[in-house]
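Here is the structure we will look at, set down as structure tokens.
The values are calculated or read from the model by the stated rules, or taken from the named source; none is laboratory data. What you see is a predicted model; the values in this text were computed from it and never measured. Glycine also receives a Cβ, built like all others from the backbone with ideal geometry; neighbour counts cover every protein chain displayed. Ligands, DNA and RNA are stripped out before the accessible areas are found, and what is left, the full protein with its side chains, is counted by its heavy atoms. Shrake-Rupley method; radii C 1.70, N 1.55, O 1.52, S 1.80 Å.
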Amino acid sequence: MPDTKNEMKYEELVELYEAMDSTTKRLEKTSLLADFLKMVGDQDPKILAVVTLLSLGRIFPTWSEEELGIGSKLLMKAISLVVGVGVDEVEDQMRDSGDIGAAAQELFKRKVQSTLFRRSLTISKVHQNLVKIADISGGRSQYKKMEILRELLSSASPQEAKYITRTVLEELRVGVGEGTLKDAISQAFIIPKEVVERSLMLTNDLGLVAEVAREEGTAGLQKLTLKPGKPVKPMLAQLSPNYRTTIQEMGYALCETKYDGVRVQIHGEGDEINIFTRRLENISQAIPEITEYIKKAIKPSDFIVEGEIIVTQEGKPISFQYILQRVRRKYEIDRLREEIPLTLYLFDVLYYNQPTLDEPFKDRRRLLEEIVQVIPGKLELSKQVKATPETPEEALDLFNKSIEEGHEGIMLKDPYAPYTPGLRGKKMLKWKATPETLDLVVVGGTYGTGKRAHVIGSFLLALQDENNQLKTLAHVATGLDDKTLLELKEMSEPLITLKEGRRVEMVPSIIMEVAFSEIVKSPEYESGYSLRFPVVKRIRTDLSIEDIDTVERIESMFQTMKIISE
Ligand code: AMP
């Protein structure tokens, strides 16, 4: 049996969670976390990476595809076995407490006798068991996963059970997001914030960043860079208030057709090709033709290119919904490949035998043109024109042409801008024909009346603030046909945590793209804003909760829209 005397106990991490949860002040949370990371670094540096991830309730780095694969049903079953009560009772408790962690804590208080003989859990033990769970696949995997979870929970105190269960469901709820953690790493190891920010942007690995920060300081972090095989978050676009102003501000703009499909980052490592979505999910298996096209179009090398995949019929793009049928598909791929043919438009290159993301965009585009052999109709480069302050009509012409061809609008890109992963800056702007939309998460809803009494007819939507805390913004009840309402019912009901009359609260998971006529200030919603005439455009299963829009974006859109309407 390994000597666990000097290893850090899980209860020390639990104390940190509780302390962070007990304050709403971001600076306090940051200091608590910074002190803890420093202490771990001094006492038990080999677990610093793990603690860093666990402090956000994560087990794997963002780029990793590993997941636990435990849903709330299986978790409730494990709790019921450990505590010795029926699953119904766990469900009731969960409904009363409003979240799985609080429910587990209450239930675990009942198994007092066994805690007397309990060996304390170490942070490593908790982490190793969770990793083991993720590693299980194949026959009887659900049973095997539950056995490990049961073993882990049977050594847990009520408070530990609260956080283990929340970590399993990836909902830590202590009000700490990546922003706070980045500040804490910078404070703990005395590193400029921008250096932490950039190294994280390039590696997507908080644990690695903390470890290198402690061991090698600023210079070590500055050496970290992106690598084919590990996806990075995509650079995001803002709304252009007016194309002429944008072109003026940029000096000149490289304008491109904006294709409405699924954004992909394609990584080549020699002969191996991997395709990731903007959620950093590997979808290579589902769309084998894209790998074939890439192998024909780009010579084997180490590269990262980016583009948009759309579905076309006789050269015209068709509805976005078709593409969602392709990207997550596990079966009948050959049939769908025939029925729903894909076209890839490449528009950027982040790596070509070495990182290229710091090169100005115009040079990256030139490189892309050099390394890609276009395959007409299958793999193309985005259509691009140059618009100067003297020739702004170039942008307008491309916009009109793009709309005529059935695309969304255009992008206006700063020719001198580097590629900044994960940031929504002013270096890449969009101009769409249809009004702007927002990606929002459903946090609750209200059942209908009369014929619609069995479905949720109105949804409460939220965006996120800079600490990844959700803030409500609006109710939406328009834009959903009966079929979608039924689909939403199936998706929503397992997520319900509280029911009061017709009103429900839900685990935030379903993301809706919502159009609206206007953003208005409103004290009624937590964000301080609301939407006039919101309409659901589509359910965005291709986005994850981190991708939803932010309060900051609403503020900037509110300002921009004011300018446009003036
Ligand atoms: P939006 O999703 O409305 O914020 O618009 C930005 C998205 O447009 C990007 O995330 C890409 O998926 C997509 N897009 C389509 N065409 C292009 C292009 N030529 N350059 C960059 N992004 C594009």
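Tabulated data
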item	result
Of all residues in region 516-547 being in contact with a Gly (Cβ under 8 Å, 6 or more places away or on another chain) and aliphatic (A, V, I, L, M), the one that is most open to solvent (accessible area, probe 1.4 Å)	535
Single residue of 176, 196, 262, 209 found to be at pLDDT below 95 and open to solvent by less than 10 Å² (accessible area, probe 1.4 Å)	262
Residue check, residue 388 more than 25 Å from the chain's Cα centre (by Cα) and among the polar types (S, T, N, Q)	yes
Condition met for residue 396 (within 13 Å of the ligand (Cβ to nearest atom) and not in a loop (DSSP other than H, G, I, E, B))	no
Close pairs (8 angstrom Cβ cut-off, 6 or more residues apart or separate chains): without any contact (Cβ under 8 Å) to a residue 60 or more places away in the chain and under 19 Å from residue 257 (Cβ atoms) in region 410-430, open to solvent by 30 Å² or more (accessible area, probe 1.4 Å) and among the aromatic types (Phe, Trp, Tyr) anywhere	none
Residue satisfying condition, being loosely packed, with under 14 Cβ neighbours inside 10 Å and not hydrophobic (A, V, I, L, M, F, W, C), within set 359, 394, 369, 408	369
Considering residues of region 6-64 that are in a loop (DSSP other than H, G, I, E, B) and of a type in the set (Lys, Arg) only, the residue most open to solvent (accessible area, probe 1.4 Å)	25
Residue 208 touching a residue at least 24 places away in the same chain (Cβ under 8 Å), assigned to a helix (DSSP H, G or I) and away from the ligand (no atom under 16 Å from the Cβ)	yes
Number of the condition not met by residue 332 [criteria: (1) among the acidic types (Asp, Glu); (2) open to solvent by less than 90 Å² (accessible area, probe 1.4 Å); (3) over 21 Å from residue 295 (Cβ atoms)]	(2)
Output for region 145-157, where each listed residue is open to solvent by 20 Å² or more (accessible area, probe 1.4 Å), under 16 Å from residue 72 (Cα atoms) and of a type in the set (D, E, K, R)	147, 150
Condition broken by residue 427, with the remaining ones in (1) within 12 Å of the ligand (Cβ to nearest atom); (2) at pLDDT 95 or above; (3) open to solvent by 20 Å² or more (accessible area, probe 1.4 Å); (4) farther than 30 Å from residue 471 by Cα satisfied	(4)
Lone unmet requirement of (1) farther than 30 Å from residue 492 by Cβ; (2) away from the ligand (no atom under 12 Å from the Cβ); (3) open to solvent by less than 20 Å² (accessible area, probe 1.4 Å) for residue 441	(1)
Residue identified as touching a helix residue (DSSP H, G or I) at 6+ places or on another chain (Cβ under 7 Å), hydroxyl-bearing (Ser, Thr, Tyr) and either closer than 24 Å to residue 62 by Cα or at pLDDT 95 or above (or both) among 284, 301	284
Qualifying positions in region 183-193 - surrounded by fewer than 21 Cβ atoms within 10 Å (Cβ to Cβ) and closer than 18 Å to residue 57 by Cβ	183
Failed item in (1) over 19 Å from the mean Cα position of the chain (by Cα); (2) open to solvent by 20 Å² or more (accessible area, probe 1.4 Å); (3) in contact (Cβ under 8 Å) with a residue 24 or more places away in the chain; (4) over 25 Å from residue 39 (Cα atoms), with residue 140 passing the rest	(3)
Selection count where residues are open to solvent by 10 Å² or more (accessible area, probe 1.4 Å), within 12 Å of the ligand (Cβ to nearest atom) and among the aliphatic types (A, V, I, L, M), scope region 411-424	1
Restricting region 400-419 to residues that are at pLDDT below 95 and either among the aromatic types (Phe, Trp, Tyr) or in a loop (DSSP other than H, G, I, E, B) (or both), the residue that is nearest to the chain's Cα centre (by Cα)	408
When residues of region 216-249 are limited to those that are among the aliphatic types (A, V, I, L, M), more than 16 Å from the ligand (Cβ to nearest atom) and more than 17 Å from residue 395 (Cα to Cα), the one most open to solvent (accessible area, probe 1.4 Å)	219
Per-region count, region 326-361, residues more than 14 Å from the ligand (Cβ to nearest atom) and either outside the structural domain of residue 307 (by TED's automatic domain parsing) or farther than 22 Å from residue 281 by Cα (or both)	9
Complete set of residues in region 265-304 that are among the β-branched types (Val, Ile, Thr), open to solvent by less than 10 Å² (accessible area, probe 1.4 Å) and closer than 22 Å to residue 356 by Cα	266, 275, 294, 298, 304
